[in-house]
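Novice: Have a look at this one before I ask anything.
Computed from the coordinates by the stated procedures, all read-outs in this text should not be read as laboratory data. Note that the structure is a prediction, hence the values are computed from the model and not measured. Positions of Cβ are generated from backbone atoms using ideal geometry, with glycine treated the same way; all protein chains shown enter the neighbour counts.
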Amino acid sequence: MIPFNKPPYTGDEDSHVLKAMRAAKMSGDGEYTVRCHEWFERNLGSPKVLLTPSCTQALEMAALLIDIQPGDEVIMPSYTFVSTANAFVLRGARIVFVDVRPDTMNIDETLIEAAITERTKAIVPVHYAGVACEMDVIMAIADKHNLYVIEDAAQGMMSTYKGKPLGTIGHLAAYSFHDTKNYTSGGEGGLLLINDKKFIARAEIIREKGTNRSQFWRGMVDKYTWVDVGSSYLPSELQAAYLYSQLENAERINSARRRLWHGYYEAFSGLSGALLELPVVPQECEHNAHMFYLKLASLQVRTAFIDSLKAQGIIAVFHYVPLHSSAYGASWSTFHGEDKYTTQESERLVRLPIWYGMTDAEQSSVIAAVRKALETV
Ligand SMILES: *Cc1c(COP(=O)(O)O)cnc(C)c1O
């Protein structure tokens, strides 16, 4: 059996996690968390980052930071993970979905402006498969209408848009280190990226249960006290140590994934045509090979294709049943304009196995099985 994913593992994790286990302090913001923060701030040029226990929680912090109130509207694609919307629904926001572009499956930047009302507070672009949204256009719209941009860059670490790392362009952004992503902090983890400096002080307070404990540790105040709303948004040092091992190997992981991605792309580009489409990567986007997907003719063909691969011992998956199609999602949202591509394209898409450490032999088996499946479906 060839699984769909294996959590990234480099071999360096063992010694770092052991060291964290034996440290005097295993709770949040210890030595490994500081080292991870330094790595991101140095490599991304982001003014401030904060590790969180998940990307979901980084998005929740973003919703608190921009002070979402009941009735505020937030614009995003419906083709995304539930947390992109839930983080704002938790604060009472209404979600306004707009259609995706069929080439990248990212929010269609040309449809955003028409969805803005006087209640709109933020735009949340999701960089699907680690391929950037059209950020220059999105930032210009936000600027013109005085809105915040929160990048859901859960899949976007090590990708760039016009040379800028994803997650460093919007006012705030979130990464995920869940074990299905390119880098993991031991199964679950996330990062809040703060690009607008006005949010830094309050983010530290919200993350420390609404207290000024971070300032206390730094000797800036002589006692710590309750000053704002907040929650516990710190991961343990075990998670940070695991992630740190992967950050030290970030380039190695990225190039291995990219090699696999191109292996698939070359193998299938001869086959592509009306019935089979390959991922599209706009020229200004350098991507991290988070995902390799194919688009097939229809839902029916996709189901037969996945079954055929399964019979050949290979697990391929689809995802993101559009959020507006669920009863709960519908109750909190409006789909602005026509759903021309979101539902249709989501039903055609299938993701192939790809992980750090996948062997050439494993990839060859997948390629052969895909060819066979395409002949029969
Ligand atoms: C994985 C993912 C999330 C959630 O990440 P967690 O770390 O599991 O909370 C959010 N948005 C998108 C687009 C994702 O792919």
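Novice: Of K198/K295; K19/K164; K162/K310; K6/K295; K197/K295, which ones are farther than 32 Å apart at the Cα?
Specialist: K198/K295; K19/K164; K162/K310; K197/K295
Novice: Separate question: Taking the Cα centre of the stretch 232-279 as origin, work out the dipole magnitude from +1 charges on Lys and Arg Cβ and -1 charges on Asp and Glu Cβ, in debye rounded to 20.
Specialist: That gives the stretch 232-279 a dipole magnitude of about 100 debye.
Novice: Ok, one more. I'd like the GluC sites (Glu not before Pro) in the stretch 90-163 restricted to DSSP loop residues with at most 15 other Cβ atoms within 10 Å, sorted by number.
Specialist: Those that pass, being in a loop and sparsely packed, are E118.
Novice: Tally Lys and Arg at +1 and Asp and Glu at -1 over the other residues with C-beta under 13 Å from the C-beta of E208: what net charge comes out?
Specialist: Taking every other residue near E208 into account, the sum is +2.
Novice: Which value, in debye to the nearest 20, describes the size of the charge dipole of the chain about its Cα centre when Lys and Arg Cβ atoms bear +1, Asp and Glu Cβ atoms bear -1, and nothing else is charged?
Specialist: The calculated dipole for the chain is roughly 620 debye.
Novice: Still on this structure: Quick check on the stretch 170-293: what does the Kirkwood estimate of hydrodynamic radius come out to from the alpha carbon pairs, in Å?
Specialist: Averaging 1/r across every pair of different Cα atoms and inverting gives 17.8 Å.
Novice: For the stretch 91-150, what Kirkwood radius comes out of the mean inverse Cα-Cα distance, in Å?
Specialist: 12.0 Å
Novice: For the stretch 218-241 and the stretch 318-377, what is the centre-to-centre distance using only Cα atoms, to the nearest Å?
Specialist: Their Cα centres are 39 Å away from one another.
Novice: What's log10 of I(q)/I(0) for the stretch 1-151 at q = 0.12, 0.19 Å⁻¹, Debye sum over Cα points only, no solvent?
Specialist: -0.66, -1.19
Novice: Follow-up question, since we're still on this one. Take every DSSP beta bridge whose two residues both sit in the chain, then give the antiparallel share in percent to the nearest 5.
Specialist: 55 percent
Novice: Over its Cα atoms, what ratio of radius of gyration to 2.2 N^0.38 Å does the stretch 272-367 give?
Specialist: Expressed relative to 2.2 N^0.38 Å, the Cα Rg reads 1.27.
Novice: Sticking with this one: Need the full-extension length gain, Q312 to K144, defined as separation in residues times 0.36 nm minus the C-alpha distance. One decimal, nm.
Specialist: Result for the pair: 55.2 nm of gain on full extension.
Novice: Taking the stretch 171-238, how much of its Cα-Cα pair set, in percent, is spaced more than 17 angstrom apart?
Specialist: Across the stretch 171-238, Cα pairs with separations above 17 Å total 53 percent.
Novice: Which of the GluC sites (Glu not before Pro) found in the stretch 285-377 are loop residues per DSSP with 16 or fewer other Cβ atoms within 10 Å of their Cβ?
Specialist: The qualifying sites are E338.
Novice: Next question. Explain nothing, just the number: relative contact order of the stretch 179-235, from Cα pairs under 8 Å at least 6 residues apart, as a whole percent.
Specialist: 30 percent
Novice: Another question, if that's okay. What is the diffusion coefficient of the stretch 93-210 in µm²/s, taking the Kirkwood radius over Cα pairs and the Stokes-Einstein relation at 25 °C with a viscosity of 0.890 mPa s?
Specialist: 163 µm²/s
Novice: Additional query: Among Y320, I206, I95, flag the residue with its Cα farthest along the positive direction of the charge dipole of the chain, charges on Cβ as +1 for Lys/Arg and -1 for Asp/Glu.
Specialist: Of Y320, I206, I95, it is I206.
Novice: How big is the shadow of the Cα convex hull of the chain, averaged over all directions, in nm²?
Specialist: Hull-based average projected area comes out at 18.9 nm².
Novice: Taking a cut-off of 19 Å, what percent of all Cα-Cα pairs in the stretch 13-81 are separated by more than that?
Specialist: 55 percent
Novice: Using only alpha carbons, build the gyration tensor for the stretch 210-359 and give me the equivalent ellipsoid semi-axes, biggest first, whole Å.
Specialist: That gives 41, 25, 15 Å for the three semi-axes.
Novice: Can you compute the FRET efficiency between T117 and N5 using 1/(1 + (r/R0)^6), with r the Cβ-Cβ distance and R0 = 35 Å? Round to the nearest 0.05.
Specialist: So, using R0 = 35 Å, E works out to roughly 0.30.
Novice: Only Cα pairs under 8 Å and at least 6 apart count here; give the relative contact order of the chain as a rounded whole percent.
Specialist: 23 percent
Novice: Separate question: Per 0.36 nm of contour for each residue apart, how much would the distance between D196 and A327 grow if the chain were fully extended, relative to their Cα-Cα spacing?
Specialist: 43.6 nm
Novice: Then there's this: Would you work out the charge dipole size for the stretch 1-153 about its Cα centre, treating the Cβ of every Lys and Arg as +1 and the Cβ of every Asp and Glu as -1, and quote it to the nearest 20 debye?
Specialist: For the stretch 1-153, the charge dipole is close to 560 debye.
Novice: What spacing in nm lies between the two simple spin-label points modelled at K162 and K340, each 7 Å away from Cα in the Cβ direction?
Specialist: Placing both labels 7 Å beyond Cα along the Cβ direction yields 2.5 nm.
Novice: Please report, to one decimal in angstroms, the Kirkwood hydrodynamic radius of the stretch 256-328 built from all distinct Cα-Cα pairs.
Specialist: Answer for the stretch 256-328: a Kirkwood hydrodynamic radius of 14.3 Å.
Novice: Okay, moving on. I need the trypsin sites (Lys or Arg not before Pro) found in the stretch 156-255, filtered to DSSP loop residues with at most 13 other beta carbons within 10 Å of theirs.
Specialist: K162, R218, K223
Novice: Another one. Note the angle between two axes, namely the Cα long axis of helix 55-65 and the longest principal axis of the Cα atoms of the chain, as a number of degrees from 0 to 90, rounded to the nearest 10.
Specialist: That helix lies at roughly 50 degrees to the long axis.
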